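Please read the structure below before turning to the comments.
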Amino acid sequence: MGDSAIVTGGAGFIGSHVADALLADGDAVTVVDDLSTGRAERVPDGAELRQLDIVDAAALQRVFDELAPDVVYHLAAQASVVASVEDPGRDCDVNVRGTLNVLEAAGRHGAPVVFTSTGGALYGDAAPMPTPEDRIPAPLSPYGASKWAAEAYVRTWALSSGIAHAVCRLGNVYGPRQSPHGEAGVVAIFTGQIAEGRAPTLYGQGKPTRDYIHVADVVSALKATRGKPGVFNIATGRQTDVITIWRTLTRVAGVQIEPKLADLRPGELQHSCLDISRAERELGWRPQIEIEHGLELTYRALMQEIEQQA
Ligand SMILES: NC(=O)c1ccc[n+]([C@@H]2O[C@H](COP(=O)([O-])OP(=O)(O)OC[C@H]3O[C@@H](n4cnc5c(N)ncnc54)[C@H](O)[C@@H]3O)[C@@H](O)[C@H]2O)c1
């Protein structure tokens, strides 16, 4: 008999892959999600969906008390930078208050929480590359600020309760099931544009770099972090510029579409790359999927999804 695991945000892109992996391990998986950006079809067969808003502390506590989880993977979030600028209050409610509610509900059962924070939106432009975890964050958006605030609760609650809550600061995650309609997630957005034969606009003349990590590597990291209190960058430690992403995807697709180039938009980072040596050392974890191969796998999977939805 496996563990009882709760995955908040399990109807979303990354959370649905976490739910898949836990089911494969034999765990009993319950997804808590309000379906604001997630979709019920993404919740894998075998996992149960409880549709609720994590801001509703009483409803959340009822579900946790019923399930008495052994572990909680907390991915539910207001995860859009643009939405956080438009409505920082809601962003704070979901990402800070919602995380506090998850910690309180999990704490009643002694369950460790693995919290997904952001590596990309936290450190700011002046940070050294690759950026280590001890760099003091300087977020440029309400989203980065709310994730940082939530991290503080995770660490404080770990210290005060003795429960091994952990923080994973993720790089730019890509993979199957990512929405091509989001504001971030260039791999999915570009795949959608290739499907429609449209040219993308590459800001910063296509030169900004990000630390792209395949979702399967994120899932293995989150599992490795269970019960390891601390803050871990989860990425690859490698930078790839956005024009290289476009060129690789169009090569895999066998098409030639010239992108439009434009200047960087205000608030956008030029470079982001995370130092992952702490996760390698303390978790014994390493990313396994090279970017070229990961892009190819993802392009094929996303194209299949687009064709199925057409
Ligand atoms: N995708 C990335 O590159 C990336 C990078 C860094 C961090 N993260 C973090 O990883 C987590 C998962 O991100 P994702 O890319 O899968 O996003 P996503 O939007 O696909 O998933 C988020 C899920 O949370 C749910 N949700 C949102 N608000 C909720 C609420 N109030 N109550 C209950 N459920 C709610 C949504 O319906 C959705 O299913 C988030 O915490 C995000 O901040 C993602």
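The values are calculated or read from the model by the stated rules, or taken from the named source; none is laboratory data. The structure displayed is predicted, hence computed values, not measured ones. Every residue, glycine as well, gets a Cβ built from its backbone with ideal geometry; the counts of neighbours run over all protein chains shown. Note: areas computed on protein heavy atoms with side chains; ligands, DNA, RNA excluded. Shrake-Rupley method; radii C 1.70, N 1.55, O 1.52, S 1.80 Å.
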Would you check if Ala111 is touching a Pro at 6+ places or on another chain (Cβ under 8 Å), open to solvent by less than 50 Å² (accessible area, probe 1.4 Å) and part of a loop (DSSP other than H, G, I, E, B)? yes
Restricting attention to the stretch 3-32, and to residues there that are closer than 20 Å to His109 by Cα and of a type in the set (D, E, K, R), which single residue is most open to solvent (accessible area, probe 1.4 Å)? Asp3
Subset of the stretch 161-211 [of a type in the set (Gly, Ala, Ser), over 16 Å from the mean Cα position of the chain (by Cα) and closer than 28 Å to Pro266 by Cβ]: Gly192, Ala199, Gly204, Gly206
Is it the case that some residue within the stretch 253-276 is among the hydrophobic types (A, V, I, L, M, F, W, C), touching a residue at least 24 places away in the same chain (Cβ under 8 Å), open to solvent by less than 20 Å² (accessible area, probe 1.4 Å) and assigned to a helix (DSSP H, G or I)? no
Would you check if there is a residue in the stretch 134-144 being in contact with a Phe, Trp or Tyr (Cβ under 8 Å, 6 or more places away or on another chain), closer than 19 Å to Glu183 by Cβ and surrounded by fewer than 21 Cβ atoms within 10 Å (Cβ to Cβ)? yes
Helices (runs of 4 or more DSSP H) wholly inside the stretch 1-99 containing at least 1 residues that are within 16 Å of the chain's Cα centre (by Cα) and near the ligand (Cβ under 9 Å from one of its atoms): 13-24
Looking at Ile306, is it of a type in the set (A, V, I, L, M), surrounded by fewer than 17 Cβ atoms within 10 Å (Cβ to Cβ), in contact with a helix residue (DSSP H, G or I) (Cβ under 7 Å, 6 or more places away or on another chain) and not in a helix (DSSP H, G or I)? no
Return yes when His74 is surrounded by fewer than 19 Cβ atoms within 10 Å (Cβ to Cβ) and either in contact with a strand residue (DSSP E or B) (Cβ under 7 Å, 6 or more places away or on another chain) or under 18 Å from Ala158 (Cα atoms) (or both) and no when it is not. no
Scan the stretch 193-213 for residues that are more than 10 Å from the ligand (Cβ to nearest atom), part of a strand (DSSP E or B), buried (at least 18 other Cβ atoms within 10 Å of the Cβ) and among the β-branched types (Val, Ile, Thr) and report the count. 1
Would it be correct to say that Val102 is part of a helix (DSSP H, G or I), open to solvent by less than 10 Å² (accessible area, probe 1.4 Å) and either within 27 Å of Ala279 (Cα to Cα) or polar (S, T, N, Q) (or both)? yes
If you scan the stretch 151-172, which residues turn out to be touching a Gly at 6+ places or on another chain (Cβ under 8 Å) and not hydroxyl-bearing (Ser, Thr, Tyr)? Trp157, Ile163, Ala164, Ala166, Val167, Arg169, Leu170, Gly171, Asn172
Looking only at the stretch 159-192, how many residues end up being assigned to a loop (DSSP other than H, G, I, E, B), more than 10 Å from the ligand (Cβ to nearest atom) and more than 22 Å from His293 (Cβ to Cβ)? 6
If you check Ala150 against the conditions, is it outside any helix (DSSP H, G or I), in contact (Cβ under 8 Å) with a residue 24 or more places away in the chain, of a type in the set (A, V, I, L, M) and within 10 Å of the ligand (Cβ to nearest atom)? no
